[in-house]
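**Q** Below is one structure. I have some questions about it.
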Amino acid sequence: EDTRDVKLLVNTLRSLSDQVARRLRKQKFRAGLVTVKLRYASFTTHTKQTSVAQRVETGDDVFRLALRMFNQFPLAERVRLLGVGTGMLMREGENPEQLTLFSGARTGERLARTVDEIQDRFGDDALRRGSELS
């Protein structure tokens, strides 16, 4: 159903980002490009994409980039379709990257992998974000 509800759209963007990131991790990929696609009720379609220096694989990282692009779209009319995608994929270990000395990025990746394991074992609804609860 077409909507102009920003909260619903942002929650959908979060959910899509988590789904895309989970597929990335499952196939042992990291993405260097994040894309957001938005189609209005008038069937006008717009796409924005951004590349990143340090490849991403967590839902939080994909969402942070996707939300920044989503906020650039005018919401003057209802939204019919919202999509998140990634590109410039690279398998883990193919291109070693220099980590920063005090970076906590790996903690988020370990957490995301732990969530994947729980959802694989107990189902996709075993864990949910607080923002998904109504």
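The values are calculated or read from the model by the stated rules, or taken from the named source; none is laboratory data. Every value quoted in this text rests on a predicted model; they were computed, and no experiment measured them. Here Cβ is always computed from backbone atoms with ideal geometry, including for glycine, and neighbour counts include all displayed protein chains. Protein only, heavy atoms only, side chains kept; ligands, DNA and RNA dropped before computing areas. Shrake-Rupley method; radii C 1.70, N 1.55, O 1.52, S 1.80 Å.
**Q** Suppose all protein chains stay in the model; what accessible area per residue would a 1.4 Å probe give for the chain, in Å²?
**A** The answer is 64 Å² per residue.
**Q** Give the residue list of GluC sites (Glu not before Pro) in segment 1-77 that are DSSP loop and have at most 10 other beta-carbon atoms within 10 angstrom.
**A** E1
**Q** How long is the gain from A53 to K28 if the chain were fully straight, where each residue apart is worth 0.36 nm and the alpha carbon distance is subtracted?
**A** Result: 7.2 nm gained on full extension.
**Q** V56: net charge of surrounding residues, Cβ under 10 Å, Lys/Arg +1, Asp/Glu -1, itself excluded?
**A** -1
**Q** Separate question: If you add up the charges near K7, with Lys and Arg at +1 and Asp and Glu at -1, over every other residue whose beta carbon is less than 12 angstrom from its beta carbon, what do you get?
**A** 0
**Q** While we're here: Taking Cα pairs under 8 Å and at least six residues apart, what relative contact order does the chain come out at, in percent?
**A** 32
**Q** Given the rule -39500 (n - 2.57) for each run of at least 4 DSSP H residues, summed and divided by the residues of the chain, what is its mean residue ellipticity at 222 nm, to the nearest 500 deg cm²/dmol?
**A** For the chain, the value works out to -13000 deg cm²/dmol.
**Q** Here's another thing I want to ask about it. Got a number for carbon plus sulfur as a percent of the chain's accessible area, 1.4 Å probe?
**A** Heavy-atom surface of the chain belonging to carbon and sulfur, 1.4 Å probe: 51 percent.
**Q** A further question on this structure: Determine the shape class of the chain: with a ≥ b ≥ c the square roots of the Cα gyration tensor eigenvalues, call it rounded for a/c under 1.5, and otherwise prolate if a/b is greater than b/c, oblate otherwise.
**A** oblate
**Q** Would you please name the chymotrypsin sites (Phe, Trp or Tyr not before Pro) within segment 29-61 that are DSSP coil residues with at most 10 other C-beta atoms within 10 Å of their C-beta?
**A** Passing both the DSSP loop test and the Cβ count: F43.
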